[in-house]
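The values are calculated or read from the model by the stated rules, or taken from the named source; none is laboratory data. For clarity, every value in this text was computed on a predicted model and none was experimentally measured. Neighbour counts are summed over all protein chains in view; Cβ atoms, including those assigned to glycine, are modelled from backbone coordinates with ideal geometry.
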Amino acid sequence: MSNEDKINGWCRDCGGFQQAHPDSRPDEPLCVGCGAVLKRYEELPTGEQANYRFQKWFSDVVQRGMNGPSPGGAAAALQCHRSMIDKLVDRGVLEKSMYDKDGFFVVLISHRSIEQATANKEKTGKWTDSGED
Ligand SMILES: [Zn+2]
């Protein structure tokens with residue numbers, strides 16, 4: 001059985017999209033993490049489908065290395081005003097990910113871009129590489 005053949009599904013207990021345990025039956029895929037029965041997307045009630053879509057977005061953000069604090073948290077980390085965060089996002093210094101669907105509203109500023117902005121500030125006294133601000 002190749003990886004692609006493994007049935008994946010939603011595990012409510014783990015709160016995520018999980019691979020089926022290799023020993024579970026195809027008609028009853030079990031979560032490799034906790035052993036609960038995995039559900040296919042189509043089998044989920046509407047609310048869980050929304051949750052699933054959000055979790056999928058978030059795991060993609062994490063995979064791309066884009067996870068991080070909220071803009072408020074980023075402002076605290078950089079010890080700057082909240083409005084500076086939007087400016088730095090516009091300039092491409094800070095990386096922003098946003099999810100605004102199904103009643104979820106999340107904005108994240110990536111840790112790595114905060115680290116880069118901090119490094120710029122230490123090196124040049126400015127947030128940007130070009131040294132405008
Ligand atoms: Zn599970």
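Couple of notes before you dig in:
- Residue within the range 66-77 that is within 16 Å of the ligand (Cβ to nearest atom) and in contact (Cβ under 8 Å) with a residue 12 or more places away in the chain present: no
- Being crowded, with 18+ Cβ neighbours inside 10 Å, within 16 Å of the ligand (Cβ to nearest atom), modelled with pLDDT of 85 or more and among the β-branched types (Val, Ile, Thr) is a property that holds for Val32.
- Across the range 50-79, the number of residues qualifying as surrounded by 16 or more Cβ atoms within 10 Å (Cβ to Cβ) and out of contact with any strand residue (DSSP E or B) (no Cβ under 8 Å at 6 or more places or on another chain) comes to 4.
- The sole residue among Gln19, Gln55 that is touching a Gly at 6+ places or on another chain (Cβ under 7 Å), in contact (Cβ under 8 Å) with a residue 12 or more places away in the chain and either within 14 Å of the ligand (Cβ to nearest atom) or under 13 Å from Ser113 (Cβ atoms) (or both) is Gln55.
- Any hit, the range 108-115, residues being basic (Lys, Arg) and over 25 Å from Phe17 (Cα atoms): yes
- Helices (runs of 4 or more DSSP H) fully within the range 6-115 counting 1 or more residues that are of a type in the set (Asp, Glu): 46-63, 82-90
- Subset of the range 80-95 that is touching a residue at least 24 places away in the same chain (Cβ under 8 Å) and not hydrophobic (A, V, I, L, M, F, W, C) - its residue that is surrounded by the fewest Cβ atoms within 10 Å (Cβ to Cβ): Arg91
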